[in-house]
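Written below as structure tokens is the structure these notes are about.
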Amino acid sequence: MISVKDRPRIFSLLSAQTTDKDFSYLNGVQGQCIDRTEDWALRREREELLSQKIRDLEVIEAKSRQVENLANRQAKHLSPQIYSSIFSETEDKSHIHTGKNLTFFFSDFVRVTDLSHTLEPQRLAAVIISYLLEMTNVALDYGGTIDKFSGAAVLVFFGDPETQGELEDAIRCPK
């Protein structure tokens, strides 16, 4: 680097060795200095842009992994139908409100309060969890959408977000 008029400049030396009997006074090493300041500035800018692009891609990959991890964790807490409607690539129509006839299924554990007086808490929890898991399997086997669990009860509906028609939705609902 050479300073020209108090500004740093970068030069490169191009050289060639010549041997010519007709022009013997030119024989030897010939050289020419070429100003490469702009070339180096462009190279440095390109390298910075490439470095920024790599950092951006790393951030995008990290965020994508976070979203995928969140989606996988959410899958454990949502009905398959709700999960699919949230994470599908179809157009979001959640802002459109329409009326629908749905069939509801409500199941509650009879006399769970009586059991709570006779069973140890861990055993009672195991019985309730077993019951709710079985009811979840029934709801999913019949194509229902689990709305909520409340204590030892489960509320399931048929006909949204997927419907097979009002009659078929009603027929699929367990009795």
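What follows is calculated from the coordinates using simple rules that are stated; it is not laboratory data. For clarity, every value in this text was computed on a predicted model and none was experimentally measured. Here Cβ is always computed from backbone atoms with ideal geometry, including for glycine, and neighbour counts include all displayed protein chains.
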## Note on the structure
Karplus-derived 3J(HN,Hα) from phi for the range 24-41 (6.51 cos²θ - 1.76 cosθ + 1.60, θ = phi - 60°), whole Hz, x at Gly and Pro, runs 4, 5, 9, 5, x, 8, 9, x, 8, 8, 10, 6, 10, 4, 5, 4, 5, 5
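How many lysine pairs are close in the chain, with Cα atoms under 25 Å apart and the two 8 or more places apart or on different chains?
Values: K53/K63; K63/K76; K76/K93; K76/K148; K93/K148; K100/K148; K100/K175; K148/K175.
The number of close lysine pairs in the chain is 8.
State the dimensionless ratio Rg/Rh of the chain (Rg: radius of gyration of Cα atoms; Rh: Kirkwood radius). Each step should come with its number before you reach the end.
On the way: Rg = 36.9 Å, Rh = 23.9 Å.
Radius of gyration relative to Kirkwood radius: 1.54.
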### Query
Taking the highest mean first, how do the peptides 62-73, 128-139 order by number of other beta carbon atoms within 10 angstrom per residue?
128-139, 62-73
#### Entry: Charge dipole magnitude, Cβ of K and R +1, D and E -1 - the chain, Cα centre, debye nearest 20
580
### Task
Per residue of the range 5-20, in order, report the coupling 6.51 cos²θ - 1.76 cosθ + 1.60 (Karplus, θ = phi - 60°) as ³J(HN,Hα) in whole Hz, putting x for Gly and Pro.
6, 6, 10, x, 10, 10, 10, 10, 9, 9, 9, 8, 9, 10, 9, 9
## Note on the structure
The alpha-carbon pair-distance distribution computed for the range 41-135, with 10 angstrom bins and whole-percent values, is 11, 20, 20, 20, 14, 7, 5, 2, 0
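What size of dipole, in debye to the nearest 20, comes out for the range 1-74 about its Cα centre when the only charges are +1 on Lys and Arg C-beta atoms and -1 on Asp and Glu C-beta atoms? Present the calculation step by step, with values, prior to reporting the outcome.
On the way: 13 positive and 13 negative charges, 57 e Å.
Once rounded to the nearest 20, the dipole reads 280 debye.
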### Message
Just to check I understand the Karplus step: with θ = phi - 60° and J = 6.51 cos²θ - 1.76 cosθ + 1.60, what whole-Hz values come out for the range 159-175, glycine and proline as x?
### Response
x, 7, x, 9, 10, 10, x, 4, 5, 5, 4, 5, 5, 5, 5, x, 9
### Message
Kirkwood Rh and Cα-based Rg: tell me the resulting Rg over Rh for the range 101-172, rounded to two decimals.
### Response
1.09
